[in-house]
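The values are calculated or read from the model by the stated rules, or taken from the named source; none is laboratory data. All values reported here derive from a predicted model rather than from experimental measurement. A quick note on method: Cβ atoms are made from the backbone with ideal geometry, for glycine too, and the neighbour counts reach across all protein chains shown. Heads up: the accessible areas ignore ligands, DNA and RNA and are worked out on the full protein's heavy atoms, side chains in. Shrake-Rupley method; radii C 1.70, N 1.55, O 1.52, S 1.80 Å.
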Amino acid sequence: MTDVVVRPYRPGDHAAARALWVELAERRSGLYGRSAGADPGAGFEDYLTRLDLSGIWVADDPNEGVIGLVGLLMQGTSGEVEPIVVAARRRGSGIGAALLKHVTGEAKKRSLARLTIRPESRNVEAMKSLHAAGFDLLSAVELSLDLHPAPSTVDDIEIQLHGLRFRG
């Protein structure tokens, strides 16, 4: 990760950050065998207008430009990391860890009591990375009932919690 700097997002980062958002949307959708939609980057425009958005930082490589993105949402004395994404070609090189370290420092500067993150249950790689970064307190579980299930091209994974079986 030499020479990569984590710095505040600037308007000139918009195209690269939106492209990272597209990667994230496609990855999340792909975990469930679904399409990310006609314009998976449109969500980034909505994200930039969120009132609870406290900051956005990018991982900037002098040779490649913006290769990672992390944001901090604030709700009272709690913060949420959303999103965190590293360009696929650079995953596994410590950039995600650097982004998490930075956003954790920012949360501490803001005197937040807790910092949460909500990875997709099927994203085992992300879960392992987040756990290694210290996110080991299970603070909430979100359960869903799919009211309009679409055929999935991906097999469900099984997760056990408190002796109950869940699909992931």
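Given the C-alpha centroids of segment 2-40 and segment 74-90, what is the distance between them in whole angstrom? After rounding, the separation between the Cα centres reads 12 Å.
Calculated FRET efficiency, Arg167 to Ala133, Cβ-Cβ distance, R0 = 30 Å: about 0.70 to the nearest 0.05. Taking the chain as a Gaussian network of alpha-carbon nodes connected by springs under 10 Å, the highest mean-square fluctuation of the residues Pro62, Pro40, Pro151 belongs to Pro151. Accessible area per residue for segment 1-114, computed on protein heavy atoms with a 1.4 Å probe, is 50 Å².
To the nearest 0.05, how large is the calculated FRET efficiency for Val141 and Arg10 if R₀ is 41 Å and r is the Cβ-Cβ distance? So the FRET efficiency works out to roughly 0.65. With both labels modelled 7 Å from their Cα along Cα-to-Cβ, the Arg89 to Arg27 distance reads 1.6 nm.
Give me the base-10 log of I(q)/I(0) for the chain at each q in 0.09 Å⁻¹, Debye formula, one uniform scatterer per Cα, rounded to two decimals. These q points yield log10 I(q)/I(0) values of -0.33.
For segment 101-160, what is the charge dipole size about the Cα centre, in debye to the nearest 20, if Lys and Arg each add +1 at the Cβ and Asp and Glu each add -1 at the Cβ? Spell out each step's value before the answer.
On the way: 8 positive and 9 negative charges, 137 e Å.
Computed charge dipole of segment 101-160: roughly 660 debye.
Give the accessible area for Arg34 in Å² (nearest 10); use a 1.4 Å probe, count only protein heavy atoms, and leave out ligands, DNA and RNA. Its heavy atoms expose roughly 110 Å² to the probe.
From the P(r) of segment 1-94, could you give the percentage of C-alpha pairs in the tail past 24 Å? Working shown, then result.
Details: 966 of 4371 pairs.
Cα-Cα pairs of segment 1-94 separated by over 24 Å account for 22 percent.
Could you tell me how many degrees, from 0 to 90 and to the nearest 10, lie between the Cα long axis of helix 14-31 and the main elongation axis, the longest principal axis, of the Cα atoms of the chain? Approximately 20 degrees, to the nearest ten.
Would you please give the FRET efficiency between Ala19 and Ala113, computed as 1/(1 + (r/R0)^6) with r the Cβ-Cβ distance and R0 = 35 Å, to the nearest 0.05?
Working: r = 34 Å, r/R0 = 0.97.
After rounding to 0.05, the efficiency reads 0.55.
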